[in-house]
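> Can you keep this structure in mind? I'll have questions shortly.
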Amino acid sequence: MLRNDIRFLAAPQSLTLGAMRNLSIEVAQGDVICQWDDDDLYHPVRLSTQYKFLSSQPGVAGTCYSEFLKYFADTNQMYWIDWSDEHPPEAYRFLSGTVMFYKKYFYEYGNMLYPEYGSQSDKEEDLNVLQKLILKGRILAVSPTHHYIYVYHGGNTYDLAHHRITVDTSGLKKMATKSKILRNEKLLKQMFRLVGLEQVEMCAEEGVVFVYKENDGKSLVETKEN
C-alpha cells in the first residue's frame, strides 16, 4: 500500500548529526517526535506503546526506556539490562537514544534542540536533549522492555568498550536474573522472531539461559499483546 504520510529528506553530508536531527524535526508534520536509530531493533508496537506513556498524564515531557535488551551481534549474546537505579543526574537512568517527546520543545529551544556544534553535536546529542527535556517536565520509563533491542554491530558511533559499559553491573546497572528471563522466555522469543534474528544466546550473570534459533520450531512461539 502506498503511503503519502512518510517523507524522505536528503540532508547535506556536511551536517553534524545534531544538525541533521534538528532538520528532521523541522520538516516533521506531527506533534510528537521519536528518535529512531536505524541500526537498532524494534517491536512493531514500540511507537504506540511509548506514545501511550507520553500522553498518559499531564506534565510528562518525554518517554524513554530504562530497561532494554542489549544485543552483541558479533557473539549473538543478548542481555536484559536495567538502568533505573543509576545515580543522578536523572538522564543516566534512561537509554537516551530511545527518547520520544513533544515537538513544542523544539521551538522552545529556538529550533536547535539538538546541539549542532561542539563535542555533543555528533556524540551524546541525544543525552543533551534528554537533559533539556528533564527541565521541562517528567520523563517516564517505558515498559515492556523487550520492545527495544539496542544493537552493537561493530560499525556503531561508539566502540566495543563503550558498549560493554552498557551492561557493566559493577555499579548500579542491573542484569535480569535467570529466573526472570525464563518467566519471560516466550515473549523474548517472539520478539527475536519479529525482528528477524537468526540466533540469540539469552544471557544472565549466571551464564547462558537459553539459545534461540530461527528455524527451531520450539522457538517460534505465538503470544498476544495485552
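> Would you mind stating whether L23 is over 23 Å from V167 (Cβ atoms) and out of contact with any Lys or Arg (no Cβ under 8 Å at 6 or more places or on another chain)?
Numbers: over 23 Å from V167 (Cβ atoms): yes; out of contact with any Lys or Arg (no Cβ under 8 Å at 6 or more places or on another chain): yes.
Yes, satisfied.
> So, in region 132-160, how many residues would count as being in a loop (DSSP other than H, G, I, E, B), at pLDDT 95 or above and under 17 Å from the mean Cα position of the chain (by Cα)? Step through it out loud before you land on a result.
Looking only at region 132-160, we keep the residues that are in a loop (DSSP other than H, G, I, E, B), and these are 135-137, 142-144, 153-159.
Next, from what is left, pick out any that are at pLDDT 95 or above: 135-137, 142, 153.
Retained after the next criterion (residues that are under 17 Å from the mean Cα position of the chain (by Cα)): 142, 153.
Looking only at that region, the number is 2.
> Does K174 count as among the charged types (D, E, K, R) and out of contact with any strand residue (DSSP E or B) (no Cβ under 8 Å at 6 or more places or on another chain)? Quick ask: steps written out before the conclusion?
Values: among the charged types (D, E, K, R): yes; out of contact with any strand residue (DSSP E or B) (no Cβ under 8 Å at 6 or more places or on another chain): no.
No, not satisfied.
> Now a separate question. Counting just the residues of region 128-140 that are touching a strand residue (DSSP E or B) at 6+ places or on another chain (Cβ under 8 Å) and surrounded by fewer than 18 Cβ atoms within 10 Å (Cβ to Cβ), which one comes out farthest from I81 (Cα to Cα)?
Let us first name the residues in region 128-140 that are touching a strand residue (DSSP E or B) at 6+ places or on another chain (Cβ under 8 Å), namely 129-130, 133-134, 136-140.
Those left that are additionally surrounded by fewer than 18 Cβ atoms within 10 Å (Cβ to Cβ): 134, 136-138.
On the way: I134: 22, K136: 27, G137: 25, R138: 22 Å.
Here the answer is K136.
> Pull up region 161-195, narrow it to residues that are part of a helix (DSSP H, G or I) and free of Cβ contacts under 8 Å to residues at least 24 places away in the same chain, then point me to the one that is surrounded by the fewest Cβ atoms within 10 Å (Cβ to Cβ).
As a first pass, look at region 161-195 and keep what is part of a helix (DSSP H, G or I): 161-165, 178-183, 185-194.
Filter once more, keeping what is free of Cβ contacts under 8 Å to residues at least 24 places away in the same chain: 161-162, 164-165, 179, 183.
Numbers: A161: 7, H162: 12, R164: 12, I165: 12, S179: 11, R183: 11.
Filtering region 161-195 for residues that are part of a helix (DSSP H, G or I) and free of Cβ contacts under 8 Å to residues at least 24 places away in the same chain, the one surrounded by the fewest Cβ atoms within 10 Å (Cβ to Cβ) comes out as A161.
> Could you grab me the full set of residues in region 129-173 that are β-branched (V, I, T) and within 16 Å of Y65 (Cα to Cα)? If you could, list the steps in order and put the result at the bottom.
Step one: list which residues in region 129-173 are β-branched (V, I, T), which gives 129, 134, 139, 142, 145, 149, 151, 157, 165-167, 169.
Selection gives V129, I134, I139, V142, T145, I149, V151, T166, V167.
The values are calculated or read from the model by the stated rules, or taken from the named source; none is laboratory data. All values reported here derive from a predicted model rather than from experimental measurement. Reconstructed Cβ throughout: ideal geometry from the backbone, glycine too, with neighbour counts over all protein chains shown.
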